[in-house]
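What follows is one structure encoded as structure tokens, with my remarks underneath.
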Amino acid sequence: MPRIVVVSNRVGPLSDTGRAGGLAVALVDVLRERGGLWFGWSGDVSEEGTYSPLQFNESGNVSTATIDVAQADYDESYAGFANRALWPTLHYRLDLTDFDRRLEQGYRRVNERFAERLVPLLRPDDIVWVHDYHFFFMGDVLRAAGVKNPIGFFLHIPFPVPEVLTALPNHKEMIHALLAYDLVGFQTSQHLSAFERYIFEEVGGTREADGSISAMGRTVVADAFPIGIDASAFSTFHETAEGHENFALMKNELGDQKQIVGVDRIDYSKGLPERFTAFERLLELHPEMKGEVTLLQIAPPSRSEVRAYLQIQRLLEGLSGRINGRFSDLDWTPIHFITRSFPRRSLAGIYRASSVGLVTPLRDGMNLVAKEYVAAQDPEDPGVLVLSRFAGAAEEMTEAVIVNPYSIDELAEGLRLAIQMPLDERKARWSALNTKVMTNTASAWSRRFLDRLVSLHESVPAEG
Ligand code: GDG
């Protein structure tokens, strides 16, 4: 089997420390299955930056290779164009974007340097899989350097409609670069069709007889590959010491009270202020729920070097303080807002002890928490998932209580419905959702993507 080379901004860890996000763990599984190399940023900023010596780590048939970045790379690319222009634009937040030529050039430069450092590590039969919005230009640079291997790209975050994407001053260059990949994957058919609309309407592209897309002198295959989770792990974590301990602790704390749980990195795309306000509305409209229902929001801070992230954290601290001040009693606090992270096994115990999983982003590529919450439930007494229609997950998870996160009343009503849902209906909805989560797992997702990438390359006649 050919070796897989995964490229992503953050790399590893290779062992399941319990702290890593779901995706990191899933990628290690794929690499282990086929043997592979994981290449990306070390997480360190140094003077040598992208010229720093490669740092290798090995575990069995999988190795990681990482390099540092220089302070200017970090400021202009990661904390700059990637997180101040691309992230907000692709999440429909044009009000938060910072378009600056200097940042754009820094982003390109970092893509070029990472590609240059990757080239000598590649073997002729490797399959290269590049991840996410940090590396739009990677495939283009690799091709220019003469790399002939199959190269695929998967976008973890939304691809917006052309009316929004075209606000990016360099949208044409970005998409031209994207077309250098053999296969471009999106999370949902909505994102795929937004991409196709851009290709057909904005740059006059056409669809070929084999389904591929040609535009700007290049041809690419694009498709939707909705990502999944390691579902069997999440369904059994409650049996581990950590999972069980947290489940028992929560159940004991809660007694007869019901808990609504949210788990999100602090990010303006996750709809957290709307969520707190909707919970407040629920308590206003249904005073009988005071003392009966609590909201636990776990929200580890992220990207705090970007101003918009600090602002949202302050806003949330203010909101939870205000709502707690207004409704708390001596023996009951409505909102528990915890801004630190928990190990994955503990999270599973917390999900299982919660009657409602509240996943209400304003925009999200997929949202893995929605799937983790479902997988962690007790089949005999499952909780209810309340899910934003703007999460990619809503395309598959239609048996959730689907809500519009911009409407506080609709959110509050969704919460009421979930809290009061009879056991029969909870079981029926959960069972349908769980079948999907258990079927479309992370490893099924990666296999689908990689098999497709390999088959595309095999169907191309060899040169000469
Ligand atoms: C991007 C896209 C897409 C969260 N808190 C803790 C913790 N987490 C884990 C969750 C979950 C992961 O982080 C978050 O994944 P999401 O999918 O919810 O969101 P993003 O981080 O924005 O991810 C998203 C995803 O990529 C994959 O393609 O679904 O749309 O935005 O796994 O459990 N993990 C631990 N402690 C925490 O406190 N260990």
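The values are calculated or read from the model by the stated rules, or taken from the named source; none is laboratory data. Since the model is a prediction, treat every value here as computed from it, not as a measurement. With ideal geometry, Cβ positions are generated from the backbone for all residues, glycine too; neighbour counts draw on all protein chains shown.
Here are some notes:
- The listed residue being basic (Lys, Arg), assigned by TED's automatic domain parsing to the domain that holds Leu415 and assigned to a loop (DSSP other than H, G, I, E, B), out of Arg281, Arg265: Arg265
- As for the stretch 274-290, it holds at least one residue that is without any contact (Cβ under 8 Å) to a residue 60 or more places away in the chain and of a type in the set (A, V, I, L, M).
- The residues of the stretch 87-98 that are under 15 Å from Arg307 (Cα atoms), of a type outside the set (Lys, Arg) and surrounded by 14 or more Cβ atoms within 10 Å (Cβ to Cβ), listed by number, are Trp87, Pro88, Leu96, Thr97, Asp98.
- The stretch 355-436 holds strands (runs of 3 or more DSSP E) entirely within its bounds, and those carrying 3 or more residues that are touching a residue at least 40 places away in the same chain (Cβ under 8 Å) map to 356-359, 384-388.
- Annotation: of all residues in the stretch 282-309 being modelled with pLDDT of 90 or more and among the small types (Gly, Ala, Ser), the one that is nearest to the ligand (Cβ to nearest atom) is Ala299.
- Members of the stretch 59-86 that are among the charged types (D, E, K, R) and surrounded by fewer than 22 Cβ atoms within 10 Å (Cβ to Cβ): Asp68, Asp75
- Tally, over the stretch 342-389, of residues that are farther than 24 Å from Trp445 by Cβ and polar (S, T, N, Q): 3
- Condition met for Arg275 (in contact with a helix residue (DSSP H, G or I) (Cβ under 6 Å, 6 or more places away or on another chain), within 16 Å of the ligand (Cβ to nearest atom) and in the same structural domain as Ala394 (by TED's automatic domain parsing)): no
- Those residues of the stretch 151-166 which are of a type outside the set (A, V, I, L, M) and either in contact with a Leu (Cβ under 9 Å, 6 or more places away or on another chain) or at pLDDT below 95 (or both), in sequence order: Gly152, Phe153, Phe154, His156, Pro158, Phe159, Pro160
- Spans of helices (runs of 4 or more DSSP H) in the stretch 22-139 with at least 2 residues in contact with a helix residue (DSSP H, G or I) (Cβ under 9 Å, 6 or more places away or on another chain) and small (Gly, Ala, Ser): 22-34, 101-118
- Identity of the residue in the stretch 185-194, under 13 Å from Phe225 (Cβ atoms) and assigned to a helix (DSSP H, G or I), that ends up nearest to the ligand (Cβ to nearest atom): His191
- Taking the conditions (1) under 28 Å from Ile419 (Cα atoms); (2) surrounded by 15 or more Cβ atoms within 10 Å (Cβ to Cβ); (3) of a type in the set (Asp, Glu) in turn, Asp182 satisfies each one other than (1).
- Candidates Ala65, Ala85: the one that is in contact with a Phe, Trp or Tyr (Cβ under 7 Å, 6 or more places away or on another chain) and either assigned by TED's automatic domain parsing to the domain that holds Ala348 or under 22 Å from Val119 (Cα atoms) (or both) is Ala65.
- Scoring Ile199 on the criteria (1) of a type in the set (A, V, I, L, M, F, W, C); (2) touching a Gly at 6+ places or on another chain (Cβ under 8 Å); (3) over 22 Å from Asn9 (Cβ atoms); (4) surrounded by fewer than 22 Cβ atoms within 10 Å (Cβ to Cβ) leaves a single failure, condition (4).
- Pair list, Cβ < 9 Å and 6+ apart or interchain, from the stretch 306-326 residues that are more than 14 Å from Leu295 (Cβ to Cβ) to residues that are hydroxyl-bearing (Ser, Thr, Tyr) and surrounded by 12 or more Cβ atoms within 10 Å (Cβ to Cβ): Ala308/Tyr268; Tyr309/Tyr268; Tyr309/Ser302; Gln311/Tyr268; Ile312/Tyr268; Gln313/Thr339; Glu317/Thr339
- Looking only at residues in the stretch 264-294 that are within 23 Å of the chain's Cα centre (by Cα) and farther than 22 Å from Ser77 by Cβ, the one that is surrounded by the fewest Cβ atoms within 10 Å (Cβ to Cβ) is Pro273.
- Qualifying residue in the stretch 365-380 (condition: at positive phi, at pLDDT 95 or above and surrounded by 23 or more Cβ atoms within 10 Å (Cβ to Cβ)): yes
- Cβ-Cβ contacts under 9 Å between residues 6 or more apart (or on different chains), taken from a first residue in the stretch 101-112 that is more than 15 Å from Gln71 (Cα to Cα) and at pLDDT below 95 to a second residue that is crowded, with 22+ Cβ neighbours inside 10 Å and among the aliphatic types (A, V, I, L, M), are absent.
- Test: residue in the stretch 148-166 that is surrounded by fewer than 20 Cβ atoms within 10 Å (Cβ to Cβ), under 24 Å from the mean Cα position of the chain (by Cα) and among the charged types (D, E, K, R): yes
- Residue ID - nearest to Glu253 (Cα to Cα), chosen from residues in the stretch 310-320 that are surrounded by 18 or more Cβ atoms within 10 Å (Cβ to Cβ) and away from the ligand (no atom under 16 Å from the Cβ): Ser320
- The number of residues in the stretch 406-464 being of a type in the set (S, T, N, Q) and under 14 Å from Val386 (Cα atoms) comes to 2.
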